[in-house]
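Here is the structure we will look at, set down as structure tokens.
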Amino acid sequence: MDYKKPKFKEKYENFIGGKFVPPVGNEYFENNSPIDNTLIAKYPRSQKEDIDHAVIAANKAKEAWGNTSAAERAGLLNEVADIIEANLEEFALVETCDNGKPIRETLNADIPLSVDHWRYFASAIRAEESTMSELDIHTVSLNLKEPLGVIGQIIPWNFPLLMLSWKLPPALATGNCVILKSAEQTPSTATLLMEKIADVFPPGVVNILHGFGPEAGKPLASHSGIDKVAFTGETTTGQLIMQYASKNLNPVTMELGGKSPNIFFNSVMDADDAFLDKAIEGAVLFAFNQGEVCTCPSRLLVQEDIYDAFMARVIERTEAIIQDNPYDVNTMVGAQASNDQYEKILSYLKIGKEEGAKVLTGGAACHLDGDLANGFYIQPTILEGHNKMRVFQEEIFGPVVAVTKFKDEAEALEIANDTLYGLGAGVWSRDAHQLYQIPRAIKAGRVWVNCYHAYPAHAPFGGYKKSGFGRETHLMMMNHYRQTKNMLISYDKNKLGFF
Amino acid sequence: MNYTRVAITQAATLILDQLKAKYGDLIFHQSGGCCDGSSPMVFEEGEMYLDESDILLGQLDGINYYMNQDQFDYWKHTHLTVDVTEGRGASFSLEIPMGVRFIIRSRLLTPEENSELNN
């Protein structure tokens, strides 16, 4: 054992207007660790009045903040990145405790990636230029990008600090003030961040609140004092947020998940080499982060002539996964984030079996010993079936993949696109033609080609179809937080001659 | 024989009754997608804009249960039972502050149910 549960205070507060403040109603909720279902700490159960205070603080700050120079804002974003990096291990440990994901993942993925997104947007805003056109010899059109003002952001619990770090930097870099509501399952790293960076931004620029969706999320999303909402979550809440935004005529961006196909063409098995080894790992990435990823490659499509040989290797690799204490650096798969997710995944395993899916490996809860017996663990599971089954159509958000075979490119595409969603996809082949043509034909916003689950800054991420709209982790996200001021300038001394 | 597509457990009915006492008329809407997707959401009636693309699956304890048509096409061969579990779901569903979450337990429709409901 390399790490253990970190120490927490008894309770934490919201961060509004540059300081930590208790919720107006003085109510708190208990946040437990899914690793062993023990208490972490109490967090504010915010209500509409708390959101109101944050909206007032943000609106008060927005004019001065919106007029700061790009250099100044970039400097502060870099300062945040440096602070997270200097405390990487502490953030990683708190994240693992709150979410249940293994420590090797938070140390090597969640936290370092978070650092990089802050730095990326610090750079992007410095390097950016506006556009101008000379419309004729006397007339110039000048385009200036101005912040929207106050942004409401609602983030999920699967990558708590990373989702915060996808959303806050582009909004702040472009001169907006932000009110962010953490997910009620995972408020800890957002709070830790504010403890570390409390003095970095002017009061009111960054406000972090905790609480439940119907009590705090809805008043934020529907507030007339904000100018935009950015949301990551599921479709019904997405529709509600768009409804609220329509009342305020506000723009929204949203990422609503997927049911991503991961397609393996027969050429991957042309040689038993490093690439085949990479491809097999690529198929097993469904278990990454316990499957709690919006782009989880949860539909595995394998060409029929390599199906048996390829799946034998995939099953072998899946069964070699170490599922144990998330604080152990050797653990590869940890706990699901909450009991309701755990129950939901088990209900999907049941209906999958009832629909006739064959369990190739796993298929049940994973019972660990000692303190972990109270945690929420599911065995990495491979279900074999067909694409009309519900386990092929719904995002289970667990370490569960549904596999089927296809005979040719046309059938692979038909299955891949037979889904309501279009967030991610994977294509694996040694055929140069397939590597371009198949991704072009897949209706999804991100197609990984001979790789999967890479999320670098500067590669845009977002959905087609019911997976939402907007492109994060790229400088194009900055325009989702801005409006364009067109200054149309005449240098002609002469009048029009109409009047 | 009158078959149904949806049912509710007694434990879920008890939670629903508390919510009805607090909020009045309610609806269920089945979500899809990321995170808390695939879970049933309960809202005050009128909260969510519904139209002909929302299929009414049935009534539970006097509450309409809706699902979007696109999703229904993939779900219609299964029977859904609303149950409740301890947990901390993240969405705007009204039961969340109570520390419980509605979840769906599914089974296949029997051939008899399927021929009456889906033909």
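Readers should treat all values here as calculations from the given coordinates under stated rules, not as data from a laboratory. The structure presented is a predicted model; accordingly, all values stated were derived computationally and were not measured. Virtual Cβ from ideal backbone geometry, glycine too; neighbours counted across all protein chains shown.
Quick rundown of the values:
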quantity: Test item: B:49-56 mean partner chain Cβ contacts at 10 Å; calculated: 1
quantity: Whole-Å distance, taken between Cα centres, linking segment A:45-92 and segment B:65-117; calculated: 39 Å
quantity: Computed FRET value (nearest 0.05) for A:Ala127 with B:Asn2, which takes r as the C-beta separation and R₀ as 51 Å; calculated: 0.15
quantity: Between segment A:343-373 and segment A:431-464, the alpha-carbon center distance in angstrom; calculated: 30 Å
quantity: Gyration tensor (alpha-carbon) shape descriptor, segment B:1-110, a/c threshold 1.5; calculated: rounded
quantity: Nearby lysines by direct alpha-carbon distance to A:Lys495 (threshold 29 angstrom, same-chain neighbours under 8 apart not counted); calculated: A:Lys485
quantity: Which of A:Ile322, A:Val24, A:Val302, positive extreme of dipole for chain A (C-beta unit charges); calculated: A:Val24
quantity: Net charge of Cβ neighbours under 9 Å - reference A:Ala81; Lys, Arg +1; Asp, Glu -1; calculated: -3
quantity: Shielding by partners - mean other protein chain Cβ count within 10 Å, residues of B:95-107; calculated: 5
quantity: Spin-label proximity, A:Asp492 to segment A:132-169 - amide N less than 12 Å from point 7 Å beyond Cα toward beta carbon; calculated: A:135-140
quantity: Beta bridges per DSSP with both ends in the protein assembly as shown, % antiparallel, nearest 5; calculated: 55 percent
quantity: Loop sites in segment A:1-52: trypsin sites (Lys or Arg not before Pro), DSSP, at most 12 other Cβ within 10 Å; calculated: A:Lys4, A:Lys7, A:Lys9
quantity: Under 19 Å from the Cα of A:Lys19 - aspartates and glutamates, other chains or at least 8 residues apart; calculated: A:Glu10, A:Glu27, A:Glu49, A:Asp50, A:Asp52, A:Glu79, A:Glu195, A:Asp199
quantity: D_trans [Stokes-Einstein, Kirkwood Rh over alpha-carbon pairs] for segment A:1-71, 20 °C, 1.002 mPa s, µm² s⁻¹; calculated: 146 µm²/s
quantity: At R0 = 41 Å, FRET efficiency that the Cβ-Cβ distance of A:Asp418 and A:Lys278 yields, to 0.05; calculated: 0.90
quantity: Order of A:His386, A:His223 - criterion: other Cβ atoms within 10 Å of each residue's Cβ, fewest first; calculated: A:His386, A:His223
quantity: Note, ³J(HN,Hα) from phi for segment A:258-275, Karplus 6.51, -1.76, 1.60, rounded to Hz, x at Gly and Pro; calculated: x, 8, 6, x, 10, 9, 10, 7, 4, 5, 4, 9, 5, 9, 9, 9, 4, 5
quantity: Segment A:21-151: equivalent-ellipsoid semi-axes (sqrt of 5 x gyration tensor eigenvalues, Cα, Å); calculated: 39, 24, 12
quantity: Exceeding the 22 Å Cα-Cα cut-off - candidates A:Lys60/A:Lys181; A:Lys5/A:Lys259; A:Lys218/A:Lys344; calculated: A:Lys5/A:Lys259; A:Lys218/A:Lys344
quantity: Computed P(r) (all Cα pairs; segment A:317-435; 10 Å bins; percent); calculated: 12, 37, 32, 15, 3, 0
quantity: DSSP loop chymotrypsin sites (Phe, Trp or Tyr not before Pro) with at most 15 other Cβ within 10 Å excluded, longest remaining stretch of chain B; calculated: B:50-119
quantity: Percent of Cα-Cα distances greater than 33 Å, calculated over the protein assembly as shown; calculated: 45 percent
quantity: Cα long-axis angle, helix A:160-173 against chain A (0 to 90 degrees, to the nearest 10); calculated: 30 degrees
quantity: Where GluC sites (Glu not before Pro) in DSSP loops with at most 10 other Cβ within 10 Å are excluded, longest remaining stretch of chain A; calculated: A:130-499
quantity: Euclidean distance of C-alpha centroids, segment A:233-300 and segment A:154-202, integer Å; calculated: 23 Å
quantity: Segment A:242-378 - Rg (one decimal) and Dmax (whole number), Cα, Å; calculated: 18.3, 58
quantity: Angle between chain A longest axis and helix A:188-197 axis [Cα atoms, degrees, rounded to 10]; calculated: 40 degrees
quantity: Contour excess over end-to-end distance, with Cα ends at A:Asn78 and A:Ile137 and 0.36 nm allotted per residue; calculated: 17.0 nm
quantity: Student exercise, the protein assembly as shown dipole from Lys, Arg, Asp, Glu Cβ charges, in Debye to nearest 20; calculated: 1240 debye
